[in-house]
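Scroll down for the structure; my scribbles are underneath it.
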Amino acid sequence: MELAVFNVKGQDTGRKAELNDAVFAIEPNEHAVYLDVKQYLANHRQGTHKSKERSEVSGSTRKLHKQKGGGGARIGDINSPLLVGGGRVFGPRPRDYSFKLNKKVKQLARKSALAYKAQDGQIKVVEDFTFEAPKTKEFVAFAKALEAEGKKLLLVLGSRNENVALAARNVPNARIISASDVNTYTLMNHNAILLTESSLDVINNL
């Protein structure tokens, strides 16, 4: 697969970038994408939720009234889940939501995500560039020239560029990552993906 290479002004340079068909032209595996996104989100959960159960509520353990003969329902102490201020039955406890996913499944998911985006025409290749100073307006002009203004923009660089990263920091819905940090969730969560030429060395070998 070949895509035209654009410059920072959105002009076609006349050159073509070669995209690996083994990555961008495969039949996407929807279930692999689902599993990888699920794992990514699960691994980001803190899992620190907690509510007090009956034994943890602060209150007297005296039995409120006798078991039988009072004409009412039997009841224990004031910490009973049936009473206001009592403990919670089977409340949430801190837990780890992360789970293991095989490397080959994650690799297939990343390839599938790139294939989805390539099929939808949401991927463009940009020649390597930098800004002389980290100015937001320069990045906004860059996004507009590449027809990515107002979209969820993901710019994939070959290596970290401080000026570009700082220039995009205040732009809503724009994210800058290195090619080595590409993951399925980030790809699927953006609808305008710009790959720099230097990033293709890594992306083509996912």
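The values are calculated or read from the model by the stated rules, or taken from the named source; none is laboratory data. Just so we're clear, the structure is a prediction, and the values are computed from it rather than from any experiment. Cβ atoms come from the backbone with ideal geometry, glycine included; neighbour counts cover every protein chain shown. Protein only, heavy atoms only, side chains kept; ligands, DNA and RNA dropped before computing areas. Shrake-Rupley method; radii C 1.70, N 1.55, O 1.52, S 1.80 Å.
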Exercise. Determine, yes or no, whether LYS100 is surrounded by 14 or more Cβ atoms within 10 Å (Cβ to Cβ), under 18 Å from the mean Cα position of the chain (by Cα) and either charged (D, E, K, R) or part of a loop (DSSP other than H, G, I, E, B) (or both).
Key: no
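One line per residue, one yes/no per condition, for (1) open to solvent by less than 40 Å² (accessible area, probe 1.4 Å); (2) closer than 30 Å to LEU83 by Cβ:
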position: GLN11; (1), (2): no, no
position: ARG15; (1), (2): no, no
position: ALA32; (1), (2): yes, no
position: LEU35; (1), (2): no, no
position: GLY47; (1), (2): yes, yes
position: SER51; (1), (2): yes, yes
position: GLU56; (1), (2): no, yes
Within the stretch 172-203, restricting to residues that are open to solvent by 20 Å² or more (accessible area, probe 1.4 Å) and among the β-branched types (Val, Ile, Thr), the one that is farthest from VAL140 (Cα to Cα) is VAL202
Checked against (1) assigned to a loop (DSSP other than H, G, I, E, B); (2) under 28 Å from LEU187 (Cα atoms); (3) open to solvent by 60 Å² or more (accessible area, probe 1.4 Å); (4) of a type in the set (Phe, Trp, Tyr), PHE90 satisfies every condition except (2)
When the stretch 157-170 is checked residue by residue, the ones that are in contact with a Phe, Trp or Tyr (Cβ under 7 Å, 6 or more places away or on another chain) and open to solvent by 30 Å² or more (accessible area, probe 1.4 Å) are ASN163
